[in-house]
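As structure tokens, the structure follows; a few thoughts come after it.
The values are calculated or read from the model by the stated rules, or taken from the named source; none is laboratory data. Remember, it's a predicted structure, so these values are computed and weren't measured experimentally. FYI the Cβ positions are ideal-geometry reconstructions off the backbone, even for glycines, and counts take in every protein chain you see.
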Amino acid sequence: MNKINRRSFIKIAGSAAAVGAVGFPSIAAAAGKKRVVIVGGGTAGATAAKYIRRADASVEVTLIEPNKHYYTCYLSNEVLGGGRKMDSLKFGYDGLAKHGVTVVHDTVTGIDAKGQKVTTKGGKSFGYDRCIVAPGISFVDNIKGYDQAAMEKMPHAWKAGSQTALLRKQLEGMADGGTVLIAPPPNPFRCPPGPYERACQIASYLKQNKPKSKILILDKKDKFSKQGLFTQAWDRHYKGMIEWVKAEDTGGGVMRVDANAGKVFTEFDEYKPDVANIIPAQVAGSIAKTAGLTDDSGWCPVAGKTFESTIHKGIHVIGDAAIQSPLPKSGYAANSEAKVVAAAVVDLVNGREPGTPSWVNTCYSIVAPNDGISVAMVYNLVDGKVAKVEGSGGLTPMDSSPQDRAREVQYAYSWFKNITSDIFG
Amino acid sequence: MSVNKSLAVLLGCGMMLGTAQLSAAPTATMLADTCAGCHGTDGASVGPASPSLAGMSEIYIVDSMKAFKSGERGSTIMGRIAKGYSDEEFQLMASVFAKQPIAITSQKTDAAKVAAGEELFGSNCEKCHDERGGLADDDAGILYSQWLPYMQYSMEDFMGGTREMPKKMKKKVEKLSDAEIEALLQFFASQQ
């Protein structure tokens, strides 16, 4: 209802502006071409940009992203395992430009929901009819001493790129018999199976190259995604190499680090691992907070059907930054959310009611060279909220055959090629 | 086919009337777009293990999805996802992929095997996989330029019994050696 009122207002204001008013670019333009500004060119943002143009090439889409290239987090654990090169995770924005998306490499510093404009560090201002915010994650200061400098000594590698390369380099430099400490974050966080797949990938590298080494996982949680399958994989492929310690047993996992001394502390104990992978707690990417799109949790509350912010009208938040549960914070979910929102935004700028959404998630984890596992789910809208479709989805069966496990690895690689081409191609 | 198209049109109209609370089915595009993560944009897989769906007939896709859902056709993950949809939704998705042109892949094939496969194709496969596996009206899946690893998995499944072979196919396949089957798959994969 509000939306309709606001739109009628814009129409009236638009005509008034056309008569001669200046200085209201966003309102004036509402009478002409529809404009969508997308903040963030990761999985969610880039997908939304492409799919809006696919659905309605008359909509002007501007995507603002500081980086010239994007490194996918998905499959970046394979770089740590040594089976994949960083370059295979690297994607540019030429494909989006071919779809008619205007890609601007700049950093968004503000989003004015009332004035419907986005401002950047470069001093530019972009008016919009609808804004899509896809800023990914930023880190919370939940581990004492884990500052920017500490990140360069104890990499999180939870945003792929130089951090991934750094952690790999440290693993390569470690002597046989060393200990790798992984500190997974508390819920909710990007890629729930990620830390445990990471343990597998690192173990796979160590098993072949430094077999006396150990991996110690000091968790902030008492249970984790695909736990049964991961535990089975650790036992099957890396017996005696990986120890997982739940939060309860350490009084809450890693509390503090002294990066210069190479030390990691829990409530009661002190560790001096050879390589430390500290993954802090997470919230929505920082622009979301600056723009007032986050709630007390640090994430962005959104309406289920359109992922429009429940705080600021006209702004949609997608991908990891949104409170989208039961959809997970995964690449597949971000891609799926982006398509639903792209369709909704095209409907909204054209004065139509958005259609019924449908989402899918699929997450593969490669636990050994020929052993892949997955979780999948189909989601629909029930009473205005995202819901799991009953009876759908689930995990790879614990007793699936070695042949099926090997296939899941190949499907994971096919998924990677297809989804990255769907996003950036 | 026409009944289902009318259904899609009816659903479409329902939404255009703007009854927000009407729990209409998602549009065909909305549903089909969720498949792209594994099967490629518009069902044109860049492979290599997950098949292209582009150009497959509606009947083939719907039958396949029903078989995945019931478990009649074995799978690693497709069955789990298929359980999230109704037959009507399968039909809507299928309508999108059926409209797409066949995806032409670029994959390494062995010229000698391709040639051997071409020899075998006419007498063994052509009746049900006409136009070198590219005729959608055969309702037999698109093999033309299809991804080789996918077709190899399919044959493993047919031979291993996790996917039922049509009777006519079984008669032919029983007489073929492993090398001949591989040659045929290479032949299909090589089509441009």
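Quick look at the numbers
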item: Residue within the stretch A:180-196 that is surrounded by fewer than 18 Cβ atoms within 10 Å (Cβ to Cβ), more than 15 Å from the chain's Cα centre (by Cα) and touching a residue at least 60 places away in the same chain (Cβ under 8 Å) present; result: yes
item: Any hit, the stretch A:346-358, residues being outside any helix (DSSP H, G or I) and of a type in the set (D, E, K, R); result: yes
item: Matching residues in the stretch A:309-343 - criterion: being farther than 30 Å from A:Tyr411 by Cα, surrounded by fewer than 24 Cβ atoms within 10 Å (Cβ to Cβ) and either within 14 Å of chain B (Cβ to nearest Cβ) or not small (Gly, Ala, Ser) (or both); result: A:Thr310, A:Ile311, A:His312, A:Lys313
item: Residues (of a type in the set (Gly, Ala, Ser) and away from chain B (no Cβ under 11 Å)) located in the stretch A:349-386; result: A:Ser365, A:Ala368
item: Filter result (within 14 Å of chain B (Cβ to nearest Cβ) and part of a helix (DSSP H, G or I)) within the stretch A:50-93; result: A:Lys50, A:Tyr51, A:Ile52, A:Arg53, A:Arg54, A:Ala55, A:Ser88
item: Residue selected from the stretch A:13-49 under the condition assigned to a helix (DSSP H, G or I) and modelled with pLDDT of 50 or more, by the criterion farthest from the chain's Cα centre (by Cα); result: A:Ala49
item: Test result for A:Glu390, within 10 Å of chain B (Cβ to nearest Cβ) and in a loop (DSSP other than H, G, I, E, B); result: yes
item: Tally of residues being touching a residue at least 60 places away in the same chain (Cβ under 8 Å) and more than 12 Å from chain A (Cβ to nearest Cβ) across the stretch B:79-105; result: 6
item: Whichever residue in the stretch B:62-78 is touching a Gly at 6+ places or on another chain (Cβ under 9 Å) and crowded, with 20+ Cβ neighbours inside 10 Å and, among such residues, is nearest to the other protein chains (Cβ to nearest Cβ); result: B:Thr76
item: Subset of the stretch A:339-352 [touching an Asp or Glu at 6+ places or on another chain (Cβ under 8 Å), farther than 16 Å from A:Leu63 by Cα and either without any contact (Cβ under 8 Å) to a residue 12 or more places away in the chain or β-branched (Val, Ile, Thr) (or both)]; result: A:Asp347, A:Val349
item: Unique match (being of a type in the set (D, E, K, R), within 20 Å of B:Leu185 (Cα to Cα) and assigned to a loop (DSSP other than H, G, I, E, B)) among B:Lys127, B:Lys113; result: B:Lys127
item: Scope the stretch A:158-177; condition in contact with a strand residue (DSSP E or B) (Cβ under 6 Å, 6 or more places away or on another chain) and under 30 Å from A:Ala338 (Cα atoms); matching residues; result: A:Ala160, A:Gly161
item: Within the stretch A:393-405, considering residues that are assigned to a helix (DSSP H, G or I) and facing another protein chain (nearest Cβ under 10 Å), the one surrounded by the fewest Cβ atoms within 10 Å (Cβ to Cβ); result: A:Gln403
item: Test result for A:Gly285, surrounded by 18 or more Cβ atoms within 10 Å (Cβ to Cβ), of a type in the set (Gly, Ala, Ser) and at negative phi; result: yes
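Yes or no, residue by residue, for (1) at pLDDT 95 or above; (2) under 30 Å from A:Leu348 (Cβ atoms); (3) β-branched (Val, Ile, Thr):
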position: A:Arg256; (1), (2), (3): yes, no, no
position: A:Asn260; (1), (2), (3): yes, no, no
position: A:Ile279; (1), (2), (3): yes, no, yes
position: A:Val283; (1), (2), (3): yes, yes, yes
position: A:Ile287; (1), (2), (3): yes, yes, yes
position: A:Gly292; (1), (2), (3): yes, yes, no
position: A:Asp295; (1), (2), (3): yes, yes, no
position: A:Gly304; (1), (2), (3): yes, yes, no
position: A:Phe307; (1), (2), (3): yes, yes, no
